[in-house]
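Take a look at the structure below.
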Amino acid sequence: MTAKRRLTLKILLFLVSTDILETFAQFCFKKSAACQNFSEIATFLQGLVFLKAVILSPFLWLALVSVFLIFVIWSTILSKIDLSVAVPVASFSYILVPLVSSVFLHEKISYIRWLGIGFILVGVIFVSMSTARKGEKA
């Protein structure tokens, strides 16, 4: 296997764009399901009605387009850097999704969850720093 290039600003911007698109996709998936106002699906027919409503939701289609764009960008990223570097650095969606959920969907995020999100952020910083040092030695 050939050595991968180090994490550049361009690749970092691609990684950030995948996180933003991932957050947007998750938000749209949630909106496509939540806007149907189904409290429970007890029968097969209710499940089909719900599925039809979700499939007709523009939020679902926005989410699917986002997933396709993520695939294209992610493939480009993985052709440039190691997977072991890309995945941790692309973990900002773990921060963005709760933030968007809290602000736009009015979901409550507990302090312990925010603490865990903070630990993820610290881990991402450590991974980014180790990648930069690895690039300096090469």
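The values are calculated or read from the model by the stated rules, or taken from the named source; none is laboratory data. Bear in mind the structure is a predicted one, so any value in this text is a computation, not a measurement. Please note: Cβ atoms are built from the backbone with ideal geometry, for glycine as well, and neighbour counts cover all protein chains shown.
Being at pLDDT 85 or above and either within 20 Å of residue 9 (Cα to Cα) or surrounded by fewer than 13 Cβ atoms within 10 Å (Cβ to Cβ) (or both) is true for just one of 125, 70. Which residue is that?
Answer to the selection: 70.
If you go through region 99-114 one residue at a time, how many are touching a Pro at 6+ places or on another chain (Cβ under 8 Å) and part of a helix (DSSP H, G or I)?
Within region 99-114, residues that are touching a Pro at 6+ places or on another chain (Cβ under 8 Å) and part of a helix (DSSP H, G or I) number 2.
Over 16 Å from the mean Cα position of the chain (by Cα), within 30 Å of residue 115 (Cα to Cα), of a type in the set (Gly, Ala, Ser) and surrounded by 12 or more Cβ atoms within 10 Å (Cβ to Cβ): which single residue out of 33, 53 fits that description?
Just one listed residue meets the conditions, 33.
Of these, 75, 39, 17, which one is among the small types (Gly, Ala, Ser) and either touching a residue at least 12 places away in the same chain (Cβ under 8 Å) or in contact with an Asp or Glu (Cβ under 6 Å, 6 or more places away or on another chain) (or both)?
Of 75, 39, 17, the one residue that is among the small types (Gly, Ala, Ser) and either touching a residue at least 12 places away in the same chain (Cβ under 8 Å) or in contact with an Asp or Glu (Cβ under 6 Å, 6 or more places away or on another chain) (or both) is 17.
Quick check: anything in region 50-62 in contact (Cβ under 8 Å) with a residue 40 or more places away in the chain and either part of a loop (DSSP other than H, G, I, E, B) or within 30 Å of residue 127 (Cα to Cα) (or both)?
No, region 50-62 contains no residue that is in contact (Cβ under 8 Å) with a residue 40 or more places away in the chain and either part of a loop (DSSP other than H, G, I, E, B) or within 30 Å of residue 127 (Cα to Cα) (or both).
Being β-branched (Val, Ile, Thr) and either touching a His at 6+ places or on another chain (Cβ under 8 Å) or part of a helix (DSSP H, G or I) (or both) is the filter here; which residues of region 70-98 pass it?
Start the filter on region 70-98 by keeping residues that are β-branched (Val, Ile, Thr), which leaves 70, 72-73, 76-77, 81, 85, 87, 89, 95, 97.
Of everything in region 70-98, those that are β-branched (Val, Ile, Thr) and either touching a His at 6+ places or on another chain (Cβ under 8 Å) or part of a helix (DSSP H, G or I) (or both) turn out to be 70, 72, 73, 76, 77, 85, 87, 89, 95, 97.
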